[in-house]
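Written below as structure tokens is the structure these notes are about.
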Amino acid sequence: MPIVAIICTVVFVPWVMVRVWLVPLPVTVQEQVDNALNYNLDGIIVYVDQKGKPPAFYAAGWKDRENEIPADPHALFKIASISKLYIAVAATKLINNQSLSLDNTLAELIPELVGRIENAEKITSRLVLQHRSGIPNFTDQPDYPWTNPPKDNRETLELVLDKPADFEPDKKYSYSNTNYLLIGEILDKTLGYSHHRYIKKEILIPLELNNTYSLLSEVDLDDVMSGYFVGYDDDIKYNDFINPGGSMVSTAQDVGIFLRALNDGSLLNDKEQAIYSSVYVYEHTGLLPGYQSIARYHKDIDTVVIQFVNTSGGNMWTISEIIYKRIIKILKRRKSS
């Protein structure tokens, strides 16, 4: 059996990913970004904010493949689930000012969901924020319309209503986009107005994030990097995903500024920071058809690195992750030299 396992590993290994790892590590980030195009990525943007140094911008490939417009490091990009960081910060601020409680149940917050979401009486806002609710993920449903996403949050929610829970509340962690769709709804009800407006007032304006938007409909599409899917020729940037926790559009620099502020304590006060730390994470990735994003802070080198890739499908996510890790290796090697 061990011999069979080894043979299977060798025969079925995705060699393109092995090749990405085995190529000698370049000296500079720009070289690595340029080399990324050898693995069928259409375009890539990388932003590096290393403490004590001016921010650095890198790009290669296409912003718009059909019109041969080169990748622009300042282009707008669909950041997908990185949006959840902003939602979690907004929720934290409302919890801190006691407009919302971590112990409020879904039954209390959205009573009409009782009987339609299993365990609504047990699921607290804390568990929803932490992805420990057991509520099914709407993007995992076989009938989720990726090519024509719903234009109404309730229409999206219908995909998981009346379905059994994935597990009992707080029994385990399981990432679910439905959780943050519901947090968006809860924030709207708590505020009495759109949480998008609250995020702009409490996060975007104070940090001067003038190139961050809650919805694709708020921007000029010519400013948005095109998106491509392996095996599909057309630009899919026109697909509009409006669900909370996945709808935002931003530049790599704006995401980097936000992530730095979230991690260095300048965005939240001490009480807010304690609440946030108990419910959510300090980095994120994002994935939508045509769009892959990574936003991480690396404490050991005091550096924020944001990576956007406008190709998805096939092995593209794994390739993107490998390229990101190689960029971090270059930065660490440079730091130690």
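A quick yes/no check of all residues on (1) within 17 Å of residue 292 (Cα to Cα); (2) open to solvent by 40 Å² or more (accessible area, probe 1.4 Å); (3) of a type in the set (S, T, N, Q):
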{"position": "217", "(1), (2), (3)": "no, yes, yes"}
{"position": "220", "(1), (2), (3)": "no, yes, no"}
{"position": "226", "(1), (2), (3)": "yes, no, yes"}
{"position": "231", "(1), (2), (3)": "yes, yes, no"}
{"position": "238", "(1), (2), (3)": "yes, yes, no"}
{"position": "249", "(1), (2), (3)": "yes, no, no"}
{"position": "252", "(1), (2), (3)": "yes, no, no"}
{"position": "262", "(1), (2), (3)": "no, no, no"}
{"position": "273", "(1), (2), (3)": "no, no, yes"}
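As an exercise: evaluate residue 157 against (1) among the hydrophobic types (A, V, I, L, M, F, W, C); (2) under 19 Å from residue 244 (Cα atoms); (3) surrounded by fewer than 17 Cβ atoms within 10 Å (Cβ to Cβ) and give the number of the one condition it does not meet.
The single condition residue 157 does not satisfy is (3).
Is it true that residue 229 is of a type outside the set (Val, Ile, Thr) and under 17 Å from the mean Cα position of the chain (by Cα)? Steps first, please.
On the way: of a type outside the set (Val, Ile, Thr): yes; under 17 Å from the mean Cα position of the chain (by Cα): no.
No; evaluated as a whole, the condition is false for this residue.
Among the residues of segment 106-118, count how many are touching a residue at least 12 places away in the same chain (Cβ under 8 Å), open to solvent by 20 Å² or more (accessible area, probe 1.4 Å) and part of a loop (DSSP other than H, G, I, E, B).
Residues that pass the stated criteria total 2.
Of the conditions (1) touching a residue at least 12 places away in the same chain (Cβ under 8 Å); (2) more than 19 Å from residue 58 (Cα to Cα); (3) touching a strand residue (DSSP E or B) at 6+ places or on another chain (Cβ under 8 Å); (4) among the hydrophobic types (A, V, I, L, M, F, W, C), residue 204 clears all except one; give me its number.
It is condition (1) that residue 204 fails.
Would you mind telling me which numbered condition in (1) under 20 Å from the mean Cα position of the chain (by Cα); (2) not in a loop (DSSP other than H, G, I, E, B) residue 73 fails?
Every listed condition holds for residue 73 apart from (2).
Just need a number here: residues in segment 242-274 that are at negative phi and either free of Cβ contacts under 8 Å to residues at least 24 places away in the same chain or in a loop (DSSP other than H, G, I, E, B) (or both).
Looking only at segment 242-274, we keep the residues that are at negative phi, and these are 242-244, 246-264, 266-274.
Still in the running and either free of Cβ contacts under 8 Å to residues at least 24 places away in the same chain or in a loop (DSSP other than H, G, I, E, B) (or both): 242-244, 246-248, 251, 264, 266-270, 273-274.
Summing the residues that are at negative phi and either free of Cβ contacts under 8 Å to residues at least 24 places away in the same chain or in a loop (DSSP other than H, G, I, E, B) (or both) in segment 242-274 gives 15.
Given the residues 103, 49, 34, which is the only one that is open to solvent by 10 Å² or more (accessible area, probe 1.4 Å), of a type in the set (Asp, Glu), within 29 Å of residue 180 (Cβ to Cβ) and outside any strand (DSSP E or B)?
Values: 49 fails: outside any strand (DSSP E or B); 34 fails: within 29 Å of residue 180 (Cβ to Cβ).
From the options 103, 49, 34, the qualifying one is 103.
If you go through segment 160-178, how many residues are surrounded by fewer than 14 Cβ atoms within 10 Å (Cβ to Cβ) and on the phi > 0 side of the Ramachandran plot?
Residues flagged as surrounded by fewer than 14 Cβ atoms within 10 Å (Cβ to Cβ) and on the phi > 0 side of the Ramachandran plot within segment 160-178 amount to 1.
The values are calculated or read from the model by the stated rules, or taken from the named source; none is laboratory data. A quick note: this is a predicted structure, and the numbers were derived from the prediction, not measured. Note: ideal-geometry Cβ built from the backbone for every residue, glycine included; neighbour counts use all protein chains shown. Ligands, DNA and RNA are stripped out before the accessible areas are found, and what is left, the full protein with its side chains, is counted by its heavy atoms. Shrake-Rupley method; radii C 1.70, N 1.55, O 1.52, S 1.80 Å.
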